[in-house]
Amino acid sequence: MTAAVAVDLGKTGCRAVLWNDGAGPAHDVHEVPGAPGLATDNGVATAHAAVRAAVLPLLERRPSLRLAAVCVGAAGAAAAPEAARTLAGLLLDDLPANEVAVTSDAVTAHAGALGGRTGVVLAIGTGSVAIGIGDDGSYARVDGWGPWLGDEGSGAWIGAAGLRAALRAHDGRGPDTALLDAAVERFGDPDRLPSAIGRDGNPARTAASFAPDVARAAAAGDATATAIVRDAATALGEAVLAAARRIGGGTLPVTVTGGLTGLGEPLLGPLQSALIGSPRPLDLRPPLGDPLDGARLLALDASAPHEPHVVRVRRTTPFPTVPTPPVTPPAVA
């Protein structure tokens, strides 16, 4: 029996699933909070903790199980390859696996969305990045620079733009907008909004939580929210087209994946229009799978075109004993 664990480690959530024989998951997906990213301060430690919290409950009832591989698609891995290698080594020390692979969550999203084949995938969630892989092995990564330098059109970008618009309305510097009431409902007193954004140590994730409010306001006809979402769609379309130009070739398969697709028509309508109107022939198609599917594929197949962007660490020591997840003590009455 071939068993593998696939992990999707994002800035908002960390999901893990155990697969047997490549046929399907043996357990439901286990999800815990994500981590700010491998490239951030203390990024390896927070990523390591998140992956352990997601994976160990899948293994605790099967202490004799030996995994062929674990593959983690981690936010920030592309910008911090040494951190990715360190994380892989730490996980190999923890988990009963022959091999641990770590790559960018954008790479696992690409592999899952196109079934391991070439083309362009736009992955949009708390962050945003377009990954292009050509038939000749060419590779392009567009954006994915994090919430302060890039991730244009992402959940964090939309949420932050919405909150800025809300504060401009609160100050009287900008037009009235339904976003102010939405911000008050979600975060409370506008004067305390800066501290509310940073209270959990992951401001990008907190800002992204406001993106659905912006999309709802846009769908209801709020002019400010509509402009924000359309600007996001324009930025995302530009990322796809830039990736397509850089990898060259003929008609390219293109798909969009990630949690932000849940915003629906307010975002996806103008994004699709931008891509359909491209001078470059693009074959728009729905994703075949998600980042967990991509992580499973890359865990068990080192021949995919994504392999140059995957860090693998193989076991040379005996398997560890699976740690028991910590038990939270009962509250004292």
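Tabulated data for the structure shown
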quantity	calculated
Within the stretch 78-131, tally of residues that are closer than 29 Å to S278 by Cβ and buried (at least 23 other Cβ atoms within 10 Å of the Cβ)	25
Within the stretch 107-140, tally of residues that are part of a strand (DSSP E or B), touching a Lys or Arg at 6+ places or on another chain (Cβ under 9 Å) and over 17 Å from L38 (Cα atoms)	7
Considering residues of the stretch 291-333 that are under 25 Å from A77 (Cβ atoms) and among the hydroxyl-bearing types (S, T, Y) only, the residue modelled with the highest pLDDT	S303
Which numbered condition S104 fails, given (1) more than 18 Å from L298 (Cα to Cα); (2) of a type in the set (S, T, N, Q); (3) at pLDDT 90 or above; (4) under 16 Å from the mean Cα position of the chain (by Cα)	(1)
Residue check for R280: of a type in the set (K, R) and either assigned to a loop (DSSP other than H, G, I, E, B) or in contact with a Lys or Arg (Cβ under 8 Å, 6 or more places away or on another chain) (or both)	yes
The lone exception for V184 - which of (1) part of a loop (DSSP other than H, G, I, E, B); (2) surrounded by fewer than 21 Cβ atoms within 10 Å (Cβ to Cβ); (3) among the β-branched types (V, I, T) it fails	(1)
Meets criteria (in a loop (DSSP other than H, G, I, E, B), in contact with a helix residue (DSSP H, G or I) (Cβ under 7 Å, 6 or more places away or on another chain) and at positive phi) for G76	yes
Sole exception among (1) modelled with pLDDT of 95 or more; (2) within 25 Å of D293 (Cβ to Cβ) for G262, by number	(1)
Residues that are assigned to a helix (DSSP H, G or I) and over 21 Å from P147 (Cα atoms), drawn from the stretch 83-106	R85, T86, L87, A88, G89, L90, L91, L92, D93, D94
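The values are calculated or read from the model by the stated rules, or taken from the named source; none is laboratory data. Computed from a predicted structure; not experimentally measured. Here the Cβ is made from the backbone with ideal geometry for all residues, glycine too, and neighbour counts use every protein chain on show.
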